[in-house]
Amino acid sequence: MISAKMQKALNKHLNEELFSSYLYLSMAAYFESKNLNGFANWMKLQSKEEYFHGLKFYDFLHQVGGRVTLSQISAPKTDWKNIKEVFTETLEHEKHITDLINKLVDLAILEKNHATNNFLQWFVNEQVEEVATAEDLVNKLEMIGDNKNGLFMLDRELGTRTAE
């Protein structure tokens, strides 16, 4: 059985994961409008991954006898100054999600809800990877600067990302 407080917190986070999917899809659309198809590919796959994360929360809530209650998803930003700004915001967003996951873990521990704590450990590990990947891309973009050849090469590299 899951407490009402935990159920509410998990539902709120489910919405955060769906917003993340929506945000990354908006970033993909921005890149496509700039003919940066590799960057767009990376963001579309990131969007799908975040949607999958949301479904994990959806399924878990049902498994523990909770009820899923979906709420409105805010409209994401649709325009950025440049590629680096997109990935800087991606990094900040992933840090935000990491903070939210940590707060969910804190609540699960406080409530001695071992099943939820165990479920959330996958996300704790996933966020380490998400933040590291975003930091790596920001660092690469800082090294490249405005070098069009470097941007072309990174766009090509990100275009090779495939779904896991």
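Some observations on this one:
- Total residues in segment 83-112, condition more than 15 Å from the chain's Cα centre (by Cα) and within 25 Å of residue 6 (Cα to Cα): 10
- On inspection, residue 80 does not qualify as more than 13 Å from the chain's Cα centre (by Cα) and under 20 Å from residue 56 (Cβ atoms).
- Subset of segment 35-71 (residues that are out of contact with any helix residue (DSSP H, G or I) (no Cβ under 8 Å at 6 or more places or on another chain) and either over 19 Å from residue 134 (Cβ atoms) or not in a helix (DSSP H, G or I) (or both)): 35, 55, 59, 62, 63, 65
- Within segment 65-86, tally of residues that are crowded, with 16+ Cβ neighbours inside 10 Å and either more than 18 Å from residue 19 (Cβ to Cβ) or of a type in the set (Gly, Ala, Ser) (or both): 3
- Segment 27-49, residues that are of a type in the set (S, T, N, Q) and crowded, with 19+ Cβ neighbours inside 10 Å: 41, 46, 47
- Residue 109 vs. criteria surrounded by fewer than 18 Cβ atoms within 10 Å (Cβ to Cβ), out of contact with any strand residue (DSSP E or B) (no Cβ under 6 Å at 6 or more places or on another chain) and either touching a residue at least 24 places away in the same chain (Cβ under 8 Å) or of a type in the set (A, V, I, L, M, F, W, C) (or both): yes
- Scan of segment 112-126 for residues that are free of Cβ contacts under 8 Å to residues at least 40 places away in the same chain and either under 15 Å from residue 50 (Cα atoms) or assigned to a helix (DSSP H, G or I) (or both), ordered by number: 114, 117, 118, 120, 121, 124, 125
- For segment 9-23, the count of residues that are at pLDDT 95 or above, under 30 Å from residue 153 (Cβ atoms) and not small (Gly, Ala, Ser) is at least one.
The values are calculated or read from the model by the stated rules, or taken from the named source; none is laboratory data. If you're wondering where the values come from, they're calculated on a predicted model, not measured in any experiment. Glycine gets a Cβ as well: all are built from the backbone with ideal geometry, and neighbour counts include every protein chain shown.
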